[in-house]
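The next block holds one structure in the form of structure tokens; read it before the comments.
The values are calculated or read from the model by the stated rules, or taken from the named source; none is laboratory data. Only a predicted model underlies this, so the values are computations on that prediction, with no experimental measurement involved. Cβ: placed from backbone, ideal geometry, glycine included. Neighbour counts: every protein chain shown.
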């Protein structure tokens, strides 16, 4: 009963697409109406820059970059699809706003000013890879202390889709020196429609690339991912990660051997963990304290996916 209650608590922070959606069944709507709003108090906005400088001073590996901002997602029935509402943000805003000293103020004021507690926050979109081997193991990592968040915790390979990979970048407005994202002008709508498909491809490609770069699994050994849902960090952590599942042709022992050879982003983890699928799901259901929220949520979505597949096969 306790496990069920804890699992329900995590599940309440999920956008559940666990029926499973392929790349072709995922849509993205890009619009500046989904952008982060600037806080009216310049002092609060200034803290974002201050926090960023402090973080970079403490960890020289940190660098800023444009990221996608997740506003919401929904399942459609005709045609069957998932549609996500996205815009741009950056890593500096995530660390300075979502992880900054004023996050509670931003949440409270967002709710009061816009009926949206996340209006003043980054809502940076990440991707999490659930990789199941041919011998039924889920491949996990222990995060190193070189990463900005969740150091030392058990996680799955993951990272961020990069808008710059397909040319979607912010630009500066010369009049007020404020950041004005590409696409805000009405006549750029056709370009945004082109970018919508590219944004979906980048989400799916990026999660596969993270598996390659973090645990050294070649892309040709992976199936194309299936989207299972979105996992929301709870305040004061407010980023969102998409849970994507993929099959791997390799055994867990073969992946261990590849990982030992060294991966491009091996500094992000201290070691590889191979866990039987059933055990991994049980650990997530019990809310294992050393698992990240994104991993727990991803595994719960995967458990729901398996359950639905079993019912369909009856």
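Against the definition (in contact (Cβ under 8 Å) with a residue 12 or more places away in the chain and farther than 24 Å from residue 200 by Cβ), how does residue 232 come out, yes or no?
Details: in contact (Cβ under 8 Å) with a residue 12 or more places away in the chain: yes; farther than 24 Å from residue 200 by Cβ: no.
Judged against the criteria, residue 232 is not a match.
Criterion first (within 25 Å of residue 18 (Cα to Cα), touching a helix residue (DSSP H, G or I) at 6+ places or on another chain (Cβ under 7 Å) and either touching a residue at least 12 places away in the same chain (Cβ under 8 Å) or part of a helix (DSSP H, G or I) (or both)) does residue 210 satisfy it? Answer is no for this residue.
Looking only at residues that are farther than 17 Å from residue 44 by Cα and touching a strand residue (DSSP E or B) at 6+ places or on another chain (Cβ under 6 Å) in the stretch 106-125, which one is surrounded by the most Cβ atoms within 10 Å (Cβ to Cβ)? Per the criteria, the residue is 123. Only residues that are surrounded by fewer than 16 Cβ atoms within 10 Å (Cβ to Cβ), within 21 Å of the chain's Cα centre (by Cα) and either at positive phi or not in a loop (DSSP other than H, G, I, E, B) (or both) were counted in the stretch 24-43, giving 3. Checked against (1) under 24 Å from residue 212 (Cα atoms); (2) at pLDDT 85 or above, residue 266 meets all criteria but (2).
Yes/no matrix, rows are residues, columns are (1) out of contact with any helix residue (DSSP H, G or I) (no Cβ under 8 Å at 6 or more places or on another chain); (2) surrounded by 11 or more Cβ atoms within 10 Å (Cβ to Cβ); (3) closer than 18 Å to residue 99 by Cβ:
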| site | (1), (2), (3) |
| --- | --- |
| 45 | yes, yes, yes |
| 59 | yes, yes, yes |
| 73 | yes, yes, no |
| 86 | no, yes, no |
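For the stretch 263-305, filtering for residues that are crowded, with 16+ Cβ neighbours inside 10 Å and assigned to a helix (DSSP H, G or I) leaves 21.
So, of the residues in the stretch 234-262 that are more than 21 Å from residue 152 (Cα to Cα) and exposed (fewer than 14 other Cβ atoms within 10 Å of the Cβ), which turns out to be modelled with the lowest pLDDT? The residue in question is 261.
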